[in-house]
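Asks: I'd like to ask some things about the structure below.
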Amino acid sequence: MTITMSYATPAALHSALASRARAKSRATGVPQTELINRFYLSRLMARVFTHDPAGWLLKGGQALLVRWPDARHSRDIDLFRTGTDLGSAVETLREAAAIDLGDHFRFEYKDTRKEWHERVACKVRFTVHFGTKTAGDVSVDVVTNLVPRGNPFRRPLHSPLEIDLGDEHTQVSVWPLEDHTADKIVAMYERHAGRVSTRYKDLVDLVLVALRAELEGASTHEALHSEVSRRKAIGTEVELPSLFTVPDRASWERGYRAQVRTVSALSNRYRTLADCEPLLRRLIDPLLGPTAPGRWKPHEAEWAPAS
């Protein structure tokens, strides 16, 4: 599939990309390199969801960036493939990456590595070709065999640099926020070889979710406790506390402060652990108990009764 666009040559697109990245970096404080990386990733995502719109769900940091462009930067793409195994998912991803969108980009398959974190996944790397130049590598983490409890979210894939390549109506299916929230809470309380989690970035993401997202309590609660059970069943050491707390005060204070600096929407009001803890207690404490809360209302920062 080739899409008509307004940049006739790679040089014209490169000039526009550099100019927009400089301007947006000045306006937002986000480094130009991050903005350009996001643009490259968006071109790969456009291929994935053009090739098979219904077969993928976008997870991880890119899923938050699709919802909220000022969310924390993530250098990789995380994808969930429905109804298949990992090998077939990787083959489909390679097919998607190879399609021509007429945007002067080409993604050349580099390699695949199987990884084991909280589940089996494949990290697939592609080399980015922009016109006749090579622009580094991007990676995609692919998972299968998951059952989301919430409802996936669909929205257009907008360019992070407001460059129109003719495919602004490409629809992206995004991992449910209820499941995303549950995954992040569980990851905070994992231990590896007895060591506490260092996923400070998840705390930053949870603050953003608490401030901006409505969550359905029953599906979030179910996703949280079923994910704990699933990870325990495969030998992961994880134990939820009865009330929200960080795994290690000293290291998490430093780690959170370093991560939140990169998110302008949070870096003033929620720049320290003490700043965000009251909000996170209101969000997380009811989820840790045996009974599901109602519905999270971000503007009131509280769980409302289920309707």
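Asks: Please work out if L86 is among the aliphatic types (A, V, I, L, M) and crowded, with 19+ Cβ neighbours inside 10 Å.
Replies: no
Asks: Output the residues belonging to segment 281-301 that are more than 25 Å from the chain's Cα centre (by Cα) and among the β-branched types (V, I, T).
Replies: Of everything in segment 281-301, just one residue is more than 25 Å from the chain's Cα centre (by Cα) and among the β-branched types (V, I, T), namely T291.
Asks: Quick check on D164: is it under 17 Å from the mean Cα position of the chain (by Cα), surrounded by fewer than 21 Cβ atoms within 10 Å (Cβ to Cβ) and among the acidic types (D, E)?
Replies: no
Asks: Right, something else. Take the residues of segment 103-121 that are out of contact with any Cys (no Cβ under 9 Å at 6 or more places or on another chain) and at pLDDT below 90: which is surrounded by the most Cβ atoms within 10 Å (Cβ to Cβ)?
Replies: The extreme case among them is A121.
Asks: Show the residue pairs meeting these rules: Cβ distance below 9 Å; 6+ apart or different chains; first residue within segment 144-163 and at positive phi; second residue outside any strand (DSSP E or B) and at pLDDT 90 or above.
Replies: N145/D85; N145/L86; E162/R20; E162/K24
Asks: Now for a different question. Sort out which residues of segment 260-293 are touching a residue at least 60 places away in the same chain (Cβ under 8 Å), under 10 Å from V207 (Cβ atoms) and not hydroxyl-bearing (S, T, Y), and write them in order of number.
Replies: Hits for segment 260-293 are V263, A265, L266, C276, L279, L280, L283.
Asks: So E95 clears everything in (1) assigned by TED's automatic domain parsing to the domain that holds L57; (2) touching a residue at least 40 places away in the same chain (Cβ under 8 Å); (3) in a strand (DSSP E or B) except one condition, right? Which one?
Replies: So E95 meets the others, but not (3).
Asks: Within segment 138-172, which residues are outside any loop (DSSP other than H, G, I, E, B) and either basic (K, R) or in contact with a Ser or Thr (Cβ under 6 Å, 6 or more places away or on another chain) (or both)?
Replies: Within segment 138-172, R154, R155 meet the criteria.
Asks: Here are some residues: F39, F49. Which one is within 20 Å of P152 (Cβ to Cβ), part of a helix (DSSP H, G or I), out of contact with any Gly (no Cβ under 7 Å at 6 or more places or on another chain) and among the aromatic types (F, W, Y)?
Replies: Sole residue among the options that is within 20 Å of P152 (Cβ to Cβ), part of a helix (DSSP H, G or I), out of contact with any Gly (no Cβ under 7 Å at 6 or more places or on another chain) and among the aromatic types (F, W, Y): F49.
The values are calculated or read from the model by the stated rules, or taken from the named source; none is laboratory data. Since the model is a prediction, treat every value here as computed from it, not as a measurement. Backbone-built Cβ (ideal geometry, glycine too); neighbour counts: all protein chains shown.
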